[in-house]
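**Student:** Structure below; questions to follow.
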Amino acid sequence: MDDRIDRDRVPRHIGVIMDGNGRWANVQNLPRIAGHARGEPALFDTIQGALELGVEWLTVYAFSTENWMRESDEVDFLMHFNADLLERRRDELDAQGVAIHFIGDKADPRIPDDLKERIRVSEERTAANTTMHLVFAFSYGGRLEIVEATKRLAARVEAGEIAVADIDEAALGAAMYLPEMPEPELIIRSSGEQRTSNFLLWQSAYSEFVFTPVLWPDFDRNTLFDCVVEYQHRERRFGVAQDAPVVTDGSTAINDQT
Ligand code: IPE
Ligand code: IPE
Ligand code: MG
């Protein structure tokens with residue numbers, strides 16, 4: 001393990017926007033899909049790094065709601081590639097105590113049936129694992145997640161189960177895809193782009209963002225450690241003035257959430 005990292009301040013939840021596969025392939029004079037294929041060892045080394053760090057939740061952005069607009073050949077490749085990856089890697093993740101989850105529109109009719117089935121089986125078989133939660137954001141959009149959460153609450157109002165006045169941040173948060181998932185303290189994006197591209201919009205309100213120029217296929221556990229070191233140099237304030245006494249709701253001190 002990296003001795004620059006303070007083990008007591010490792011983020012509980014790290015989100016990763018795995019970007020730059022196409023550009024990596026371009027540099028190598030390879031087709032874009034070769035870049036996606038090379039993203040797999042990068043992902044699995046990153047998972048090992050997260051396990052070494054003792055991270056509880058790792059969420060990786062694998063396919064956005066907007067990525068459906070890409071060329072059909074690339075979309076088809078990504079669907080089969082992800083189905084294949086799950087089939088090949090599921091048991092190894094299971095053996096390591098990793099619980100696999102998917103967030104996104106899992107019922108989207110454009111997702112091939114075999115992938116839907118592998119998602120279901122992967123989630124089911126690993127559901128009792130507790131070493132780390134690995135969340136694939138797939139056919140995922142933060143805006144869609146908020147819209148769906150809103151619809152769920154509206155349906156409960158319509159059914160007379162809750163009142164409009166009961167809708168608060170906690171209620172909306174509890175209607176997200178995986179309500180038990182803590183908010184990510186750290187979100188990393190590879191490839192030098194500095195935007196969220198619709199990733200975890202609700203949950204990232206107070207996340208620290210670290211952007212690295214490394215293209216995703218070149219990312220590995222050491223890049224992850226570098227990003228965690230950078231995170232540990234950040235000062236998280238949560239809107240509270242630096243020298244002011246911390247106002248809490250009486251239960252948890254906001255400033256303790258580092
Ligand atoms: C990220 O790499 C993977 C997905 C979005 C599926 P890209 O395919 O976006 O690679 P670039 O950004 O074109 O280099
Ligand atoms: C974000 O990357 C989505 C994933 C990494 C899966 P994109 O490459 O799709 O984002 P933009 O188009 O550069 O914003
Ligand atoms: Mg990209």
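The values are calculated or read from the model by the stated rules, or taken from the named source; none is laboratory data. Fair warning: this is a prediction, and the values are worked out from it, not measured in the lab. Here the Cβ positions follow ideal geometry from the backbone for every residue, glycine too, while neighbour counts run over all protein chains shown. Heavy atoms of the whole protein, side chains included, go into the accessibility calculation; ligands, DNA and RNA do not. Shrake-Rupley method; radii C 1.70, N 1.55, O 1.52, S 1.80 Å.
**Student:** Taking the condition within 16 Å of ligand 1 (Cβ to nearest atom) and not hydroxyl-bearing (Ser, Thr, Tyr), does VAL60 pass?
**Tutor:** Answer is yes for this residue.
**Student:** Consider ALA99 against the criteria (1) under 15 Å from ALA62 (Cβ atoms); (2) under 16 Å from the mean Cα position of the chain (by Cα); (3) open to solvent by less than 70 Å² (accessible area, probe 1.4 Å): it satisfies all of them except one. Which criterion is unmet?
**Tutor:** Every condition holds for ALA99 apart from (1).
**Student:** Looking at the stretch 187-226, which of its residues are away from ligand 1 (no atom under 16 Å from the Cβ) and surrounded by 24 or more Cβ atoms within 10 Å (Cβ to Cβ)?
**Tutor:** LEU224
**Student:** Does ALA107 qualify as being loosely packed, with under 15 Cβ neighbours inside 10 Å and not aromatic (Phe, Trp, Tyr)?
**Tutor:** For ALA107, the condition - loosely packed, with under 15 Cβ neighbours inside 10 Å and not aromatic (Phe, Trp, Tyr) - is met.
**Student:** Right, something else. What is the one condition in (1) within 16 Å of ligand 3 (Cβ to nearest atom); (2) within 23 Å of ASN129 (Cα to Cα) that GLU66 does not satisfy?
**Tutor:** Only one criterion is unmet by GLU66, namely (2).
**Student:** Confirm whether ARG152 is surrounded by 11 or more Cβ atoms within 10 Å (Cβ to Cβ) and more than 24 Å from VAL16 (Cβ to Cβ).
**Tutor:** When the stated conditions are applied, ARG152 passes them.
**Student:** A further question follows. Residues that are touching a residue at least 60 places away in the same chain (Cβ under 8 Å): find the strands (runs of 3 or more DSSP E) completely inside the stretch 121-227 holding 1 or more of those.
**Tutor:** 132-140, 186-189
**Student:** Please work out which residue is farthest from ligand 1 (Cβ to nearest atom), limiting yourself to the stretch 32-57 and to residues that are open to solvent by 20 Å² or more (accessible area, probe 1.4 Å) and under 13 Å from LEU224 (Cβ atoms).
**Tutor:** Applying the filter and picking the extreme gives GLY54.
**Student:** Another question, if that's okay. Taking the stretch 10-31, which residues are farther than 24 Å from LEU51 by Cα, buried (at least 18 other Cβ atoms within 10 Å of the Cβ) and more than 10 Å from ligand 3 (Cβ to nearest atom)?
**Tutor:** TRP24, ALA25
**Student:** What are the residues in the stretch 45-74 that are more than 9 Å from ARG221 (Cα to Cα), under 17 Å from the mean Cα position of the chain (by Cα) and more than 11 Å from ligand 2 (Cβ to nearest atom), if any?
**Tutor:** Listed by number, the residues that qualify are LEU51, LEU53, GLY54, VAL55, GLU56, TRP57, LEU58, THR59.
**Student:** Would you check if GLY15 is within 12 Å of ligand 2 (Cβ to nearest atom) and out of contact with any Leu (no Cβ under 7 Å at 6 or more places or on another chain)?
**Tutor:** When the stated conditions are applied, GLY15 does not pass them.
**Student:** Residues of the stretch 18-44 being more than 16 Å from ligand 2 (Cβ to nearest atom) and closer than 12 Å to PHE219 by Cβ, which ones?
**Tutor:** Of everything in the stretch 18-44, those that are more than 16 Å from ligand 2 (Cβ to nearest atom) and closer than 12 Å to PHE219 by Cβ turn out to be PRO41, PHE44.
**Student:** Given the conditions (1) closer than 22 Å to LEU201 by Cα; (2) within 16 Å of ligand 3 (Cβ to nearest atom), and given that ARG38 satisfies all but one, which numbered condition is not satisfied?
**Tutor:** Just one mismatch for ARG38, condition (1).
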